[in-house]
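Input: a single structure, listed below in structure tokens.
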2 protein chains.
Amino acid sequence: MSEQQIIDQQSIEQRMTIGALQQAYRSGDLKVETFLTEKLQQAKLDDNNIWIETISESQLKKMLKQLSSKPIESLPLYGIPFAIKDNIDLSLLATTAGCEAYSYQPKQSAQVVQLLMEAGAIPLGKTNLDQFATGLVGVRSPWGAVKNSVNPEYISGGSSSGSAVAVAKGQVSFALGTDTAGSGRVPAALNNIVGLKATKGLLSCTGVVPACKSLDCVTLFANSVEELNQLLEISAQWDEKDCYSRPNSAVNGDEWYQPENRLSSLKIGVPKKGQLAFFGDSSAQKLFAKNVQCLKKAGAEVISIDFQPFLDAAKLLYEGPWVAERYAAIEEFFVKDPKQCLSVIETIVGGATDHSAVSTFKAMYRLQTFKVECDAILDELDCIVTPTVGTTYTIEQVEADPIQLNSNLGYYTNFMNLLDYAAIALPAGFLDSGLPFGITLFGKAFSDRLLLSAGAQLQQINDFPLGATGLPLMAQSAHENEIDIAVCG
Amino acid sequence: MSEQQIIDQQSIEQRMTIGALQQAYRSGDLKVETFLTEKLQQAKLDDNNIWIETISESQLKKMLKQLSSKPIESLPLYGIPFAIKDNIDLSLLATTAGCEAYSYQPKQSAQVVQLLMEAGAIPLGKTNLDQFATGLVGVRSPWGAVKNSVNPEYISGGSSSGSAVAVAKGQVSFALGTDTAGSGRVPAALNNIVGLKATKGLLSCTGVVPACKSLDCVTLFANSVEELNQLLEISAQWDEKDCYSRPNSAVNGDEWYQPENRLSSLKIGVPKKGQLAFFGDSSAQKLFAKNVQCLKKAGAEVISIDFQPFLDAAKLLYEGPWVAERYAAIEEFFVKDPKQCLSVIETIVGGATDHSAVSTFKAMYRLQTFKVECDAILDELDCIVTPTVGTTYTIEQVEADPIQLNSNLGYYTNFMNLLDYAAIALPAGFLDSGLPFGITLFGKAFSDRLLLSAGAQLQQINDFPLGATGLPLMAQSAHENEIDIAVCG
């Protein structure tokens with residue numbers, strides 16, 4: 001092998017995007033078996049507390065053997081390594097939901113996992129999370145706090161912490177998370193990757209440990225928006241076994257993914273002065289303002305909106321009765337011995353019994369009132385932009401103040417599923433501390449393709465390095481000629 | 001006045017349909033003031049316990065004066081008398097919801113009442129109901145049991161009892177009721193009139209005392225389906241003040257009211273053998289079978305379906321947490337002194353505190369599971385036909401067994417709003433006892449015009465006498481040439 005060949009090989013291995021790997025497999029530059037064996041080794045050597053369990057080498061071999069019987073071109077995710085949050089079933093490994101005592105061996109994989117594997121993707125293991133997906137911090141786990149991919153003293157965000165960091169560190173190409181109150185968006189933001197919390201019900205929750213069953217979403221993490229779009233197409237299938245599953249809308253199919261110059265036709269709302277919270281982080285504040293400028297520069301009409309009804313709805317999630325869903329999800333386990341949970345989880349879930357049916361219906365009426373107000377605001381817009389989180393914290397800070405700081409992280413995320421909106425979390429630059437900052441675009445249910453289109457254009461414009469790898473965004477083959485590139489100040 | 005003229009005049013007065021009255025007003029055969037003054041007198045002399053309060057003569061005069069400034073042709077409901085269930089606000093009178101101690105003087109009329117009055121309709125007063133709309137019997141009222149319009153020893157059905165009987169006895173042309181679990185359909189069936197429980201949210205609930213706020217519907221009673229269609233067009237307007245209000249769907253506008261030969265293109269489900277309940281009433285059973293035959297004769301494809309998931313959903317309503325909505329609706333009043341309610345209402349509403357937030361969410365998951373099953377059944381059909389009630393009872397029988405017999409009456413109605421379906425109650429002949437029997441057609445949300453079209457054709461085919469008046473159905477001007485008439489065995 002020449003020196004040049006070695007560099008190319010390294011470059012391919014570091015470039016984890018689906019498109020780059022496919023190209024390398026198809027051209028023969030990269031062998032699936034060699035590559036995935038290396039990736040699995042890398043995962044096993046990880047020291048960020050990303051993984052709860054990885055697959056065995058023999059399990060990998062078996063999957064590779066099955067894969068080898070199929071032509072590379074026949075499978076859109078042929079040999080693409082991915083990670084699965086450990087509240088989503090993979091038949092090969094136990095599901096713990098972040099709690100050893102709760103752990104069970106699933107008979108089959110979650111519907112979403114099955115669909116991705118049928119498309120050729122290879123799961124490397126199950127990732128660490130805030131126990132029972134209850135938290136936005138990534139430190140509430142007996143497997144240890146998941147360390148931020150950029151600076152290990154900082155939190156990774158949660159609850160889908162391990163999945164996000166696995167992508168950011170280039171251990172997998174994409175990962176599955178879940179998102180009830182922000183768990184799929186906060187860790188995307190804090191690790192400089194993209195996260196899609198699609199419209200509720202588009203991705204099946206069959207085979208997922210519920211957090212709040214009426215609100216839960218399975219989410220996708222990747223390096224590029226282009227990949228999110230491809231993954232959505234593969235994983236969003238109506239599922240008769242999930243009572244909250246919904247078929248996609250006709251105006252939200254793959255053909256509506258049109259990133260070319262998409263921002264110039266959009267009306268984007270932004271919370272008016274005084275309604276944005278950065279919790280004292282002026283660096284984040286400046287970055288957000290810069291991102292809004294960037295949207296304007298790309299031609300979007302940015303309109304100041306009243307964000308209060310969204311914030312009011314957000315408050316309902318933690319103050320209201322929805323915590324009872326978390327209790328209902330694990331009731332049998334919980335009542336036997338609540339002490340098997342982490343203390344902070346025991347406190348939160350145990351609080352569910354304070355809520356009555358009467359207070360539940362009253363909260364639902366209030367929510368419905370807020371929804372009417374929020375919908376009316378969105379009726380005048382295509383989507384809304386906010387920070388994904390207002391600031392970030394060190395692991396030490398969160399351990400010292402676990403409830404309030406967790407709550408701060410949900411300021412822009414808690415309302416989303418209550419109001420039945422779709423959202424995409426996008427990298428948005430780096431804070432003075434060097435840590436990633438992120439923004440979220442959100443819109444009504446079934447606005448996924450619009451958000452993906454806008455997000456893809458923004459990612460091309462910003463051209464930030466990917467995750468924690470420092471590598472540039474690789475132009476994706478499918479749409480590379482369509483994307484309008486402009487440089488933002 | 002010649003004898004013939006006197007007969008014509010009587011005939012007009014007895015024919016209370018909107019079309020007949022409009023014609024008589026416009027031709028000058030009938031004077032609005034004379035007619036409405038007589039109608040108000042008739043209402044004041046009523047001995048069926050229909051009314052809780054009627055308007056005063058001076059209130060009528062004032063409304064007539066306002067009306068007289070407008071051309072008859074300009075208002076679709078010019079001078080049409082109607083009745084309002086006394087849980088719906090009319091600014092002229094107090095709202096009692098069937099409980100004197102609860103009574104309040106509304107500042108303005110309910111949105112639906114306003115719309116009807118703006119269209120020229122004249123409210124004659126507020127009608128008796130099962131207290132707080134909690135019941136399907138029409139006997140749970142301090143104002144006395146509302147007597148059946150055909151046989152006063154029998155129940156009228158409830159909770160919109162007074163409104164239905166007012167229409168059936170020809171005291172008003174139409175009436176407003178409400179329907180949470182069957183209150184707008186059961187009394188229609190038991191009094192031989194038509195009742196529309198439109199898609200949830202189409203008629204605003206602003207100005208209505210809630211029963212179960214997330215389920216409540218305002219309903220329409222009339223003599224003919226043609227009139228229901230007209231009234232729906234006038235009264236269904238999205239209302240920003242009602243958080244559960246919904247705009248109509250594009251496929252459910254007035255232009256979709258097409259009764260001509262409508263049945264011949266429909267697939268209609270009917271509960272399979274063993275899932276129909278007539279509570280020992282063989283006469284009702286025979287009538288239902290005859291009605292199904294009639295649908296077939298008119299060309300409908302009638303398909304046997306599994307009715308179990310609908311029945312399972314129905315059970316949830318009374319066994320599940322939704323009673324907490326009734327408590328939430330009157331909590332402040334109720335906690336002060338529950339004894340101000342009728343004993344049966346106190347027992348029912350007081351039971352709400354047994355339900356927790358956890359049990360509420362669990363019930364919602366079960367409901368959602370049933371909804372998936374029921375929707376899948378309806379996906380293969382245009383609508384489903386059932387009896388509206390399986391049998392009927394005397395007032396004495398219900399007073400002796402107030403809970404079980406009430407529950408029997410809800411067998412075919414309780415699931416409707418939980419599952420978000422639209423329904424129309426139609427006269428379907430007379431039992432051996434001479435009492436009316438009714439059937440219901442129901443379909444998915446926004447199937448209202450389809451149900452109205454089918455119902456109108458069926459009413460023309462059956463040509464039963466109207467309400468308790470014995471008068472024949474008067475062919476309605478707007479669509480009379482379009483309706484295909486066939487005689488059923």
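The values are calculated or read from the model by the stated rules, or taken from the named source; none is laboratory data. Here the structure is a predicted model, which is why all the values come from computation and not from measurement. Don't worry about glycine lacking a Cβ; one is built from the backbone with ideal geometry, like all the others, and counts go over all protein chains shown. Keep in mind that these areas ignore ligands, DNA and RNA; they rest on the heavy atoms of the full protein, side chains included. Shrake-Rupley method; radii C 1.70, N 1.55, O 1.52, S 1.80 Å.
Somewhere in segment B:379-394, is a residue assigned to a helix (DSSP H, G or I), within 14 Å of chain A (Cβ to nearest Cβ) and either open to solvent by 50 Å² or more (accessible area, probe 1.4 Å) or touching an Asp or Glu at 6+ places or on another chain (Cβ under 9 Å) (or both)? Spell out how you get there, then give the answer.
First, the residues of segment B:379-394 that are assigned to a helix (DSSP H, G or I): B:379.
From what's left, within 14 Å of chain A (Cβ to nearest Cβ): B:379.
Retained after the next criterion (residues that are either open to solvent by 50 Å² or more (accessible area, probe 1.4 Å) or touching an Asp or Glu at 6+ places or on another chain (Cβ under 9 Å) (or both)): B:379.
Yes: one or more hits.
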ask   = Do you know which of the residues in segment A:360-375 that are open to solvent by 40 Å² or more (accessible area, probe 1.4 Å) and either in contact (Cβ under 8 Å) with a residue 24 or more places away in the chain or within 11 Å of A:Lys444 (Cα to Cα) (or both) is nearest to the other protein chains (Cβ to nearest Cβ)?
value = A:Lys371
ask   = Does any residue in segment B:97-116 that is farther than 20 Å from B:Thr219 by Cβ come within less than 7 Å, Cβ to Cβ, of a residue that is buried (at least 21 other Cβ atoms within 10 Å of the Cβ) and of a type in the set (Phe, Trp, Tyr) six or more places away or on a different chain, and which pairs are these?
value = B:Cys99/B:Phe132
message = Please verify whether B:Asp401 is surrounded by fewer than 18 Cβ atoms within 10 Å (Cβ to Cβ), over 30 Å from B:Gly470 (Cα atoms) and at pLDDT 95 or above, treating the condition exactly as stated.
response = yes
ask   = Assuming B:Leu409 fulfils every condition listed in (1) touching a residue at least 12 places away in the same chain (Cβ under 8 Å); (2) within 14 Å of chain A (Cβ to nearest Cβ); (3) under 30 Å from B:Cys99 (Cα atoms) apart from one, which condition is it?
value = (2)
query = Is there any pair with a first residue in segment A:35-54 that is more than 10 Å from A:Gln171 (Cβ to Cβ) and open to solvent by less than 30 Å² (accessible area, probe 1.4 Å) and a second that is at pLDDT below 95 and acidic (Asp, Glu) whose Cβ atoms are under 7 Å apart and which are 6 or more apart or on different chains, and what are they?
reply = A:Phe35/A:Glu13
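Can you find a residue in segment B:288-301 that is in contact with a Lys or Arg (Cβ under 6 Å, 6 or more places away or on another chain) and either open to solvent by 80 Å² or more (accessible area, probe 1.4 Å) or over 28 Å from B:Leu405 (Cβ atoms) (or both)? Please lay out each step first, then the result.
Pass one, segment B:288-301, residues in contact with a Lys or Arg (Cβ under 6 Å, 6 or more places away or on another chain): B:301.
After this cut, where a residue has to be either open to solvent by 80 Å² or more (accessible area, probe 1.4 Å) or over 28 Å from B:Leu405 (Cβ atoms) (or both) as well, the list is B:301.
The answer is yes; a qualifying residue exists.
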Candidate set from segment A:12-27 (those that are assigned to a helix (DSSP H, G or I) and at pLDDT below 90); member that is nearest to A:Pro472 (Cα to Cα) = A:Gln14
message = Here's a check for you: in segment A:262-275, which residue that is out of contact with any helix residue (DSSP H, G or I) (no Cβ under 7 Å at 6 or more places or on another chain) and of a type outside the set (D, E, K, R) is farthest from the other protein chains (Cβ to nearest Cβ)?
response = A:Ser264
query = Scanning segment B:309-342 for residues that are at pLDDT 95 or above and not in a helix (DSSP H, G or I), which turns out farthest from the other protein chains (Cβ to nearest Cβ)?
reply = B:Leu342
message = Any residue in segment A:65-82 that is more than 17 Å from A:Glu233 (Cα to Cα) sitting within a Cβ distance under 6 Å of a residue that is of a type outside the set (A, V, I, L, M) and buried (at least 16 other Cβ atoms within 10 Å of the Cβ)? List the pairs, counting only those 6 or more apart or interchain.
response = A:Ile72/A:Tyr25; A:Ile72/A:Tyr78; A:Gly79/A:Tyr25; A:Pro81/A:Lys39; A:Pro81/A:Ser173
remark   = The condition from (1) more than 27 Å from A:Val146 (Cα to Cα); (2) of a type in the set (D, E, K, R); (3) at pLDDT 95 or above that A:Asp8 misses is numbered (3)
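In segment B:254-282, how many residues are part of a helix (DSSP H, G or I) and buried (at least 16 other Cβ atoms within 10 Å of the Cβ)? Don't jump to the end; show me each part of the working.
The first filter runs over segment B:254-282 and keeps only residues part of a helix (DSSP H, G or I), leaving B:254-256, B:262-265, B:282.
From what is left, the residues that are buried (at least 16 other Cβ atoms within 10 Å of the Cβ) are B:256, B:262-263.
Selection size over segment B:254-282: 3.
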inquiry  = Of everything in segment A:143-161, what is of a type in the set (Ser, Thr, Tyr) and closer than 17 Å to A:Ala400 by Cβ? Give them in sequence order.
reply    = A:Tyr154
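Out of A:Val172, A:Val218, A:Val167, A:Val194, I need the residue that is of a type outside the set (S, T, N, Q), within 9 Å of the chain's Cα centre (by Cα) and more than 20 Å from A:Cys99 (Cβ to Cβ). Which one? Working first, answer last.
Working: A:Val172 fails: within 9 Å of the chain's Cα centre (by Cα); A:Val218 fails: more than 20 Å from A:Cys99 (Cβ to Cβ); A:Val167 fails: within 9 Å of the chain's Cα centre (by Cα).
Only one candidate qualifies: A:Val194.
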Which numbered condition B:Val225 misses (of (1) open to solvent by less than 10 Å² (accessible area, probe 1.4 Å); (2) within 17 Å of B:Thr127 (Cβ to Cβ)) = (2)
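Filter segment A:343-359 down to residues that are assigned to a helix (DSSP H, G or I) and within 11 Å of chain B (Cβ to nearest Cβ) and give me whichever is nearest to the chain's Cα centre (by Cα).
So in segment A:343-359, the residues assigned to a helix (DSSP H, G or I) come out as A:343-354, A:357-359.
Next, from what is left, pick out any that are within 11 Å of chain B (Cβ to nearest Cβ): A:349, A:351-354, A:357-359.
Values: A:Val349: 23, A:Gly351: 27, A:Ala352: 26, A:Thr353: 30, A:Asp354: 31, A:Ala357: 32, A:Val358: 34, A:Ser359: 31 Å.
Restricting to residues being assigned to a helix (DSSP H, G or I) and within 11 Å of chain B (Cβ to nearest Cβ), the top hit is A:Val349.
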query = Considering only residues of segment B:19-54 that are in contact with a strand residue (DSSP E or B) (Cβ under 6 Å, 6 or more places away or on another chain) and of a type in the set (Lys, Arg), which is farthest from B:Gly125 (Cα to Cα)?
reply = B:Lys39
query = Just one of the numbered conditions (1) open to solvent by less than 30 Å² (accessible area, probe 1.4 Å); (2) free of Cβ contacts under 8 Å to residues at least 24 places away in the same chain; (3) closer than 21 Å to A:Pro402 by Cβ; (4) not acidic (Asp, Glu) is not true of A:Thr347; which one?
reply = (1)
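Just to check your reading of the model, which residue among A:Leu287, A:Leu295 is assigned to a helix (DSSP H, G or I) and under 27 Å from A:Leu232 (Cα atoms)? Walk me through it before giving the result.
Details: A:Leu287 fails: under 27 Å from A:Leu232 (Cα atoms).
Residue meeting the stated conditions: A:Leu295.
Tell me the residue from B:Leu116, B:Leu60, B:Leu124, B:Leu92 that is at pLDDT 95 or above, farther than 17 Å from B:Leu232 by Cα and in a helix (DSSP H, G or I), please.
Numbers: B:Leu116 fails: farther than 17 Å from B:Leu232 by Cα; B:Leu124 fails: in a helix (DSSP H, G or I); B:Leu92 fails: in a helix (DSSP H, G or I).
Just one listed residue meets the conditions, B:Leu60.
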